[in-house]
Amino acid sequence: MVLVFICISFGVIGLLMMLLFPHIRKYAAGGVCRSQARLDGKTVLITGANTGIGKETAVDLASRGARVILACRDVEKGEIAAAEIRTRVGGAKVEVRELDLADTSSIRAFAQKFLKEVNHLHVLINNAGVMMCPYMKTADGFEMQLGVNHLGHFLLTYLLIGLLKRSAPSRIVVVSSLAHYFGWIRLHDLMSQGSYNSGLAYCQSKLANILFTRELGPRLQGSKVTVNSVHPGSVRSELVRHSTVMSLLFTFFGMFLKTPQEGAQTSIYCAVAEELDSISGKHFSDCTPAFVAPQGRSEDTKRKLWDISCDLLGIEWD
Ligand SMILES: NC(=O)c1ccc[n+]([C@@H]2O[C@H](COP(=O)([O-])OP(=O)(O)OC[C@H]3O[C@@H](n4cnc5c(N)ncnc54)[C@H](OP(=O)(O)O)[C@@H]3O)[C@@H](O)[C@H]2O)c1
C-alpha cells in the first residue's frame, strides 16, 4: 500500500514537472536582446570568451558581422572556441589573443600588441571572471578574485581607453553580478590578508565592477565612449568550478538557471542596443535597467577605490 502511494506521488510530481517545465524554463531564461543592430566593420574584444557567457556573447556579435577578438588566458581553449564559433556562424571573423588578467605584465604585453596591430575598438566586454577560489594571489600579489575581476580589467580598460576614444562611438560592458549586493569594499584589507572568505571576496570584486563603472561613466562624458555594467542572471557555466557546494546547487537546480546563451543577452544588449547610445554609468539585468545596492552608490567609496586601484597598478588615470 505504502509502495503504491509512493509510486503515485512520484508519478504526480513527475507529471507536474513535465507540465510546468516549459513555463519554468521560459521564466528562468529572462530578458532577450531584441536589437537587430549589425556590427559590420566593427571590432569587439571580449575577455574570457573561450567558454560560458563570453563565448555565447562572441557567437552573437560575430553573427552581427563584427570582427570578434577572444582574449583568453589559455590560447588552446580559445582556438577550440573560435573553431566552434566559425562552425556556428558562417563567415565569422573571430581571432584569439593571449591575455592573463592575473598578471599585469601579460595585460601590458597584450595591450601593446593589440594597439600595434588593431586599428579600432568599438566594443570592449570585460567578461572574464573567477569565483570562490581558494586564497590565491595574482602574479602581482593581489587577491585573485579582486585581481582578475576588478584590477585586471581596470588596467586593461586604462590601456585601451585611448583606442576606444579614437574609435568612438564605442562601448564598454562590465560583467558584474547581483552578488555585489552582498559585498563591501574592505578598504582596510582589500586583499583579504587578515581574513579570507571566498564568497565575500567574490562579492567584493563584483561590487568593485559596479563602482568602477559608475566612476568611469562620468569621466567619459563627452567622449562618445559609454560604460555600463551587467548582471547576467544565474547561468549554468564553469564559474562554479572552485566550489563543490555551488557546483551541487547548480546541478540540482539546473532547470532554474539560464543557459550561457540566455545569460549573454544583457551583455549583447549593452553592446548593441540603439537606445543605449548615450546611456553610461548604469547597471542592467535581463536587458532592462537594474537596481544597484546602496554600497554600489557610495560616491566616497567609488572615488577611494578608483584611487587605490590606480596606486596598486602604478598608473595615473585622471
Ligand atoms: N554564471 C553565473 O551565474 C554568473 C552570475 C553573475 C555574474 N557572472 C559573471 O559572468 C562572467 C562570465 O562568467 P561565466 O559564468 O561565463 O563563467 P566561466 O564559464 O567560468 O567563464 C569565465 C571565463 O573567464 C576566464 N578567466 C578566468 N580567469 C582568467 C584570467 N586570469 N585571465 C583571463 N581569463 C580568465 C575563464 O578562462 P578559463 O576557461 O581558461 O578558466 C573563462 O573563459 C564572470 O565575470 C562572472 O563573474 C556569472
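The values are calculated or read from the model by the stated rules, or taken from the named source; none is laboratory data. Source: prediction; values computed, not measured. Neighbour counts run over all protein chains shown; Cβ positions are idealised from the backbone, glycine included.
See the values below:
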item: Leading residue by the ranking (farthest from the ligand (Cβ to nearest atom)) among those in the range 75-97 that are small (Gly, Ala, Ser) and under 19 Å from the mean Cα position of the chain (by Cα); result: Ala82
item: Scan of the range 264-287 for residues that are more than 18 Å from Gly217 (Cα to Cα) and part of a loop (DSSP other than H, G, I, E, B), ordered by number; result: Ala264, Asp286, Cys287
item: Some residue of the range 245-261 being under 27 Å from Arg38 (Cβ atoms) and more than 12 Å from the ligand (Cβ to nearest atom); result: no
item: Which listed residue, of Ile268, Ile279, is in contact with a helix residue (DSSP H, G or I) (Cβ under 8 Å, 6 or more places away or on another chain) and either away from the ligand (no atom under 14 Å from the Cβ) or at pLDDT 95 or above (or both); result: Ile268
item: Close pairs from the range 221-233: first over 9 Å from Cys270 (Cβ atoms) and of a type in the set (Asp, Glu), partner modelled with pLDDT of 95 or more and buried (at least 24 other Cβ atoms within 10 Å of the Cβ), Cβ under 6 Å, at least 6 apart; result: none
item: Scope the range 110-137; condition more than 13 Å from the ligand (Cβ to nearest atom) and either assigned to a helix (DSSP H, G or I) or more than 18 Å from Arg166 (Cβ to Cβ) (or both); matching residues; result: Ala111, Gln112, Lys113, Phe114, Leu115, Lys116, Glu117, Pro134, Tyr135
item: Those residues of the range 41-74 which are of a type in the set (Val, Ile, Thr), in a helix (DSSP H, G or I) and more than 10 Å from the ligand (Cβ to nearest atom), in sequence order; result: Val59
item: Residue that is within 23 Å of Pro232 (Cβ to Cβ) and in contact with a strand residue (DSSP E or B) (Cβ under 7 Å, 6 or more places away or on another chain), where the choices are Val118, Val123, Val130; result: Val123
